[in-house]
1. So what J values fall out for the stretch 76-82 if you push phi through Karplus, 6.51 cos²θ - 1.76 cosθ + 1.60 with θ = phi - 60°, rounded to Hz, Gly and Pro as x?
2. So if the hydrodynamic radius of the stretch 118-248 is defined as the Kirkwood radius over C-alpha pairs, what does Stokes-Einstein give as its diffusion coefficient at 10 °C and 1.306 mPa s, in µm² per second?
3. Quick check on the stretch 126-175: what are the equivalent-ellipsoid semi-axes from the Cα gyration tensor, as sqrt(5λ), descending, whole Å?
4. If you take the Cα Rg of the stretch 264-347 and divide it by 2.2 N^0.38 Å, with N the number of residues, what do you get?
5. With +1 assigned to the C-beta of every Lys and Arg and -1 to the C-beta of every Asp and Glu, and no other charges, what is the dipole magnitude of the stretch 36-260 about the Cα centre in debye, to the nearest 20?
6. Could you order the peptides 227-234, 48-55 from most to least packed, using the average number of other C-beta atoms within 10 Å per residue?
7. Fewest first, what order do I285, I106 take by the number of other Cβ atoms within 10 Å?
8. Amide H of R242 versus every other amide H placed in the peptide plane: which residues, excluding those fewer than 5 positions away on the same chain, fall under 5 Å?
Amino acid sequence: MTDPPQSGDCAYYRKHGGSTIVETMNSAYPDRRQSRERPPNEVVTARGLRRTYGRGKTAFEAVRGVDLEVAEGEVFALLGTNGAGKTSTLDLLEGLAEPSAGSVEIFGLDPVRHRDQVRPQVGIMLQSGGLPAELTVRETLEMWRGTCSNPATTATVLAQVALTHRADVRVGALSGGEQRRVDMACALLGQPRLLFLDEPTTGLDPESRRGTWRLLADLKADGVTMVLTTHYLDEAEALADRIAIMHRGEVARAGTLREIVDGHPARIVFDHPGLPLPALSTARIDAQSRVTVTTHDLQGDLSVLLTWAAAHGVRLGGLEARAASLETVFLDIANEPAAASAEAPEMIGATR
């Protein structure tokens, strides 16, 4: 018979082959080996991180030389399209998988080799938690609570995720959004210093999504460090102190929102009026006769176009002027392979 978890133990779970795997680590006898020196506020560090699946001709490198740091109390967002490497990177940071190359440190310790020290300080919300469908929400939380060394009360986390009124409902009878909130509650039970959140608001209705934002803001105010992935750009803008955009396994752009957007060109888009346009070196026309002008001087180039249109008595149909934003940066990065392989659009050359 297996002994129950003792005081000082902590547990985490993951989906594996359709089953929920629980691992319990005894933290009463910590590894006394010292970690490298690190900045006092550095919580997560990755250097040259790589993850390869398969071998030989079928090998696929999902994470390619990722470097990142997350400071204490910071909310750090990983963005990217499906297959960009976000979840694979999170698996490595969480210690759920070992890197093929490179290193990870959580609080200055390797999350795999020093698991007994790292786990009690970390909460993990996976993309799919795989919780037992036949248990009620309350029973599920009590089960996970019994594996943590310093658990919050079940009532506390139920209130945090707004599920008090659903405590005695079976997990399998919950909506997808409610099940995600149970996953969040499990991640919060150990009162972690660091939270990993893989798409925490997927499946939530707008009201519940905003409620989760408020919860994460409260956790940040309490000093909890968070690393999250999301497909919602507005979520990253609202929550994150810093953002990394991943593409094809690499970090393509990283920094604060302002750092990411600064230096990225604005766009002016309109229907080609059928006349020679003013000379704008970055103007291109696509197959649908839509003209796109990329510019670092949105106001100046827009003024040139409007002055030209007024002088020639033409209307610039479908005119859109878009300042650089997280969305435009993200889409430009996401579309790089297609842009590189596609036939180059026609350059417009004309005189004013």
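1. Values, residue by residue: 10, 10, 9, 10, x, 6, 4 Hz.
2. For these conditions, the coefficient is 106 µm²/s.
3. 17, 14, 10
4. Rounded to two decimals, the normalised Rg is 1.12.
5. It works out to roughly 460 debye.
6. Highest mean packing first, the order is 227-234, 48-55.
7. Ascending number of Cβ neighbours within 10 Å: I285, I106.
8. V75, A77
Only the coordinates and a few stated rules stand behind these numbers; no lab work does. As the structure is a computational prediction, the values presented were derived from the model and not from experiment. In this analysis, Cβ positions are derived from the backbone assuming ideal geometry, glycine residues included, and neighbour counts consider all displayed protein chains.
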